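Report on one structure; see the data block that follows.
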Amino acid sequence: QVQFVESGGGLVQPGGSLRLSCTASGSIDTFARMGWYRQVPGKAREYVAVISNDGVPGYVGFVEGRFTISRDNAKSTVYLQMSNLKPEDTAVYYCNTAVGRPQPWGQGTQVTVSS
């Protein structure tokens, strides 16, 4: 199993930007797709973005045009560049494989968008 450590979250004003990182304890190039997910208290975890091993991204509609996912297999790291953040983006953000059985979930990183 691979462990994920997410980082880069914080408090940001509406319209601001953050770059999240997710570093794996092992190689991620065996995972055909890696994804970012988010969860708010009382709600199910939801998909945000996905990237294939050859770099093709996909996004859920409410973040398209504002978020950019990327991956660096050599560093076993997946990134999520977030811009034009909105209060409704407030959540704990996680990464995991987006194909097959999920690996154990990490602690996530808290993103709070507030003025």
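Details
- Contact map, the stretch 57-82: residues that are farther than 16 Å from Arg33 by Cα and among the aromatic types (Phe, Trp, Tyr) paired with residues that are part of a strand (DSSP E or B) and open to solvent by 60 Å² or more (accessible area, probe 1.4 Å), Cβ distance under 9 Å, separation 6+ or inter-chain. Pairs shown: Phe67/Gln81.
- Restricting attention to the stretch 10-41, the residues that are among the aromatic types (Phe, Trp, Tyr) and assigned to a strand (DSSP E or B) total 2.
- Among (1) open to solvent by 80 Å² or more (accessible area, probe 1.4 Å); (2) in contact with a helix residue (DSSP H, G or I) (Cβ under 6 Å, 6 or more places away or on another chain), the one test that Gln1 misses: (2)
- Tallying residues that are over 12 Å from the mean Cα position of the chain (by Cα) and open to solvent by 70 Å² or more (accessible area, probe 1.4 Å) within the stretch 58-86 yields 7.
- Taking the stretch 47-57 as the range and being open to solvent by 30 Å² or more (accessible area, probe 1.4 Å) and in a strand (DSSP E or B) as the test, the residues that pass are Tyr47, Pro57.
- Breaking point among (1) assigned to a strand (DSSP E or B); (2) closer than 16 Å to Pro102 by Cα; (3) open to solvent by 20 Å² or more (accessible area, probe 1.4 Å), for Ala44: (1)
- In the stretch 1-21, the residues that are of a type in the set (D, E, K, R) form Cβ pairs under 7 Å with partners that are buried (at least 16 other Cβ atoms within 10 Å of the Cβ) and not in a strand (DSSP E or B), at six or more places apart or across chains, as follows: Glu6/Gly106; Glu6/Gly108; Arg19/Gly8.
- When the test is whether a residue is in contact with an Asp or Glu (Cβ under 9 Å, 6 or more places away or on another chain), under 14 Å from Gln103 (Cα atoms) and without any contact (Cβ under 8 Å) to a residue 60 or more places away in the chain, Thr30 does not pass it.
- Residues in the stretch 87-115 that are open to solvent by 40 Å² or more (accessible area, probe 1.4 Å), farther than 14 Å from Leu20 by Cβ and among the polar types (S, T, N, Q): 2 in all.
- Qualifying residue in the stretch 25-40 (condition: open to solvent by 40 Å² or more (accessible area, probe 1.4 Å) and at positive phi): no
The values are calculated or read from the model by the stated rules, or taken from the named source; none is laboratory data. Given the structure is predicted, the values throughout are model-derived calculations rather than measurements. Ideal geometry is used to build each Cβ from the backbone, glycine not excepted, and the neighbour counts take in all protein chains shown. When the accessible area is computed, the model is the full protein with side chains, heavy atoms only, and any ligands, DNA or RNA have been set aside. Shrake-Rupley method; radii C 1.70, N 1.55, O 1.52, S 1.80 Å.
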